[in-house]
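These notes are about the structure you will find just below.
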Amino acid sequence: MKLKFIAFIAVFTFFASCKEQMGKAELTPAEIEKESKQLQAFFDKTYQEDLADSPMLQTQIGLKTNYGKWDNFAHTNYPKDLEKAKNRLAFLKDSINTNALTSSEKLSYNLMKRELQQEIESYKFRFYNYPINQMDGYHTSLPAFLINQHRIDSVADAKAYIERLKGLKKVFDDVINNMQIREKNGILPPKFVFTQALDDAKAMMSGIPFSESQKNSVLLQDFTDKVSVLKISAKEKKQLILEAKKALKDYVKPSYEKLAETLKDQDQRATSDHGVWKFPKGEDYYKNQLKHYTTTNFSAEKIHQIGLEEVERIHQEMKEIMKKVNFKGSFEDFFKFMRDDNQFYFPPDEKGKDAYLADSKSIINHMRSNLDELFITQPEAEIVVKPVEAFREKNSGIAFYERPAEDGSRPGTYYVNLFDMKSVSKYEMESLAYHEGIPGHHMQIAIAQELDSIPEFRKHLYYGAYIEGWALYSELLPKEIGFYKDPYSDFGRLSAELWRACRLVVDTGIHSKKWTREQAIQYYKDNTPNAEGDCIKMVDRHIVLPGQATSYKIGMIKILELRAKAKKALGDHFDIREFHEVILTNGVVPLDVLEDLVESYIEEKLTTKTE
């Protein structure tokens with residue numbers, strides 16, 4: 001990574017070192033070195049164990065070990081993982097003298113300890129999620145994994161792809177078993193999930209070799225495309241494709257047929273109760289979800305109220321834009337105008353889709369050329385923009401990001417869903433590209449992966465409030481250096497922030513206040529300019545991923561709060577680039593840890609100012 005160092009970093013390190021020495025006064029250098037090595041060995045060992053247990057993670061980071069295998073999805077793995085977590089936690093507590101650790105080591109220690117405690121606390125809710133859902137169910141996420149992450153650079157890689165096709169039978173058997181266990185425990189998705197999941201499964205099974213068709217199925221087309229560029233004979237290519245077809249017919253097809261039968265069976269007993277309050281201990285589960293995603297102890301009621309206040313504030317800012325563009329009519333009329341007027345949308349054809357992708361790339365490149373104004377450390381990994389694949393676009397979200405391979409073999413990817421061009425307006429293009437690309441997810445995740453200063457496990461931590469909070473903050477940041485020159489684009493930025501504020505209200509409304517699906521959809525329709533289809537998709541996302549959508553706004557609010565605190569304390573000595581360095585170069589952390597890091601930066605900066 002190309003790190004540009006400035007004076008404050010050296011000072012920051014110096015003062016941190018002084019504090020550390022005070023705690024180590026009674027320890028010999030040999031004892032300190034021993035503890036440090038023991039902790040690092042523990043981190044390395046646990047990461048290598050977890051990596052060895054996950055062929056999919058191996059592929060994700062660019063390795064080709066166990067390339068033809070899947071992870072173990074059997075529920076019998078859950079107790080083993082719990083026991084492993086308990087043993088690791090006991091080792092940390094009993095075998096490491098934290099007084100001997102540097103501040104950086106202590107942070108890693110505390111993060112590992114926190115992760116393990118969270119895993120142990122959440123074990124009682126291990127059957128509370130929906131393995132098959134319209135957002136990220138295994139029936140679409142596993143094919144997407146093959147398409148987007150399984151590279152074919154050799155015949156061996158192609159054979160591994162075929163083995164993974166065959167392995168889907170065991171995976172689906174385990175997933176189906178898990179679904180049946182959940183139903184016995186009172187955990188069953190609402191009815192709409194079954195309808196959408198069956199549609200997705202049907203889309204996966206369309207085309208050659210599953211049906212009479214002029215087109216290949218999505219997996220066969222992916223395999224054929226990848227094999228076609230190999231430097232092997234046409235005969236070898238043909239043989240590999242025949243083997244893939246056989247695996248698709250003999251293993252993949254019966255797997256999806258069995259899944260479809262299970263979905264149809266469970267659908268008969270599903271209800272239209274949508275919140276997790278319907279589960280046994282549903283209230284405790286939702287508290288656990290909010291704590292996990294926001295990394296706070298905020299109650300559902302507090303989050304709900306924050307959302308209501310933010311919705312009101314953003315509405316007022318939107319009304320100012322309404323005046324700026326001289327719109328004549330009510331606030332509701334303005335929303336309708338922004339939602340319906342064709343000037344704000346690309347044509348719903350291939351040319352329109354290509355234009356959207358091209359403009360998104362241009363927005364990201366323009367932002368990239370201005371990064372020096374805001375950042376010291378910048379990522380080396382490249383980013384590409386792609387449309388969501390046809391087999392999963394109908395029920396997927398509007399946009400999402402996929403991290404790059406750590407070895408540089410695969411760039412980061414910003415996926416945009418172009419299934420309904422009325423859902424991706426021109427005025428929201430900027431904010432969406434900043435969120436998913438630069439300076440949002442791509443920048444934060446790539447920088448974390450490229451850090452040499454943190455243990456490997458910290459490069460794969462997930463704290464939603466930090467990750468999504470940063471991405472939402474990244475939508476605002478470009479405005480502060482003169483972007484969003486078009487007032488309609490600035491409206492788009494506010495519209496995107498409003499969407500996240502409404503999420504606080506609706507998520508807690510569904511899962512804590514027992515709102516109906518229809519009531520939740522209506523709230524979005526009444527309070528945002530988004531199309532009805534967006535509102536329905538978002539509510540359905542809340543239902544199957546309880547708590548997840550609260551992380552964005554809670555995280556953004558905390559980052560802005562910390563920035564304001566640093567600005568007030570440092571005055572003319574505040575440097576936005578230094579602030580972002582503190583936020584981004586410690587990897588993914590919970591919000592309370594982020595606050596500690598910023599407060600340490602402020603304290604040390606103030607100390608150097610007075611000397």
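The values are calculated or read from the model by the stated rules, or taken from the named source; none is laboratory data. From a predicted model like this one, the values you see are computed outputs, not experimental measurements. Every residue, glycine among them, receives a Cβ derived from its backbone with ideal geometry; neighbour counts consider all protein chains shown.
If the condition is being of a type outside the set (Ser, Thr, Tyr) and crowded, with 20+ Cβ neighbours inside 10 Å, then the stretch 458-476 contributes 458, 464, 465, 467, 468, 469, 470, 471, 472, 475.
From the list 525, 537, pick out the single residue that is at pLDDT 95 or above and part of a helix (DSSP H, G or I).
525
In the stretch 539-572, of all residues being more than 19 Å from the chain's Cα centre (by Cα), at negative phi and not hydrophobic (A, V, I, L, M, F, W, C), the one that is surrounded by the fewest Cβ atoms within 10 Å (Cβ to Cβ) corresponds to 572.
How many of the residues in the stretch 172-189 are surrounded by 19 or more Cβ atoms within 10 Å (Cβ to Cβ) and not in a helix (DSSP H, G or I)? Residues flagged as surrounded by 19 or more Cβ atoms within 10 Å (Cβ to Cβ) and not in a helix (DSSP H, G or I) within the stretch 172-189 amount to 3.
Counting only residues that are in contact with a His (Cβ under 8 Å, 6 or more places away or on another chain) and touching a residue at least 40 places away in the same chain (Cβ under 8 Å), the stretch 524-547 holds 4 of them. Cβ-Cβ distances below 7 Å connect the following pairs, each with a first residue in the stretch 350-368 that is within 15 Å of residue 417 (Cα to Cα), a second residue that is part of a helix (DSSP H, G or I), and a separation of six or more residues or different chains: 352/421; 359/429; 360/429; 360/433. Criterion applied to 608, 550 was being more than 25 Å from residue 114 (Cα to Cα), of a type in the set (Ser, Thr, Tyr) and part of a helix (DSSP H, G or I), and the one residue passing it is 608.
Considering the stretch 416-438, the residues that are over 10 Å from residue 364 (Cβ atoms) and within 15 Å of the chain's Cα centre (by Cα) include one that is surrounded by the most Cβ atoms within 10 Å (Cβ to Cβ), namely 435. In the stretch 242-269, the residues that are under 17 Å from residue 211 (Cα atoms) form Cβ pairs under 6 Å with partners that are among the small types (Gly, Ala, Ser) and in a helix (DSSP H, G or I), at six or more places apart or across chains, as follows: 256/201; 260/201.
Just one of (1) surrounded by fewer than 17 Cβ atoms within 10 Å (Cβ to Cβ); (2) small (Gly, Ala, Ser); (3) at pLDDT 95 or above fails for residue 108. It is (1). For the structure I just gave you, tell me whether residue 536 is among the aliphatic types (A, V, I, L, M), within 18 Å of residue 136 (Cβ to Cβ) and surrounded by fewer than 19 Cβ atoms within 10 Å (Cβ to Cβ). Spelling it out, residue 536 is indeed among the aliphatic types (A, V, I, L, M), within 18 Å of residue 136 (Cβ to Cβ) and surrounded by fewer than 19 Cβ atoms within 10 Å (Cβ to Cβ).
Regarding residue 301, is this residue in a helix (DSSP H, G or I) and surrounded by fewer than 16 Cβ atoms within 10 Å (Cβ to Cβ)?
So residue 301 passes the test.
Tell me, please, whether a residue that is closer than 21 Å to residue 174 by Cβ, of a type in the set (A, V, I, L, M), more than 23 Å from the chain's Cα centre (by Cα) and in a helix (DSSP H, G or I) can be found in the stretch 61-84.
yes
Counting only strands (runs of 3 or more DSSP E) that fall entirely inside the stretch 371-452 and contain at least 3 residues that are of a type outside the set (A, V, I, L, M) and in contact (Cβ under 8 Å) with a residue 24 or more places away in the chain, the qualifying elements are 399-402, 412-416. Residues in the stretch 133-171 that are hydrophobic (A, V, I, L, M, F, W, C), buried (at least 20 other Cβ atoms within 10 Å of the Cβ) and modelled with pLDDT under 95: 135 alone.
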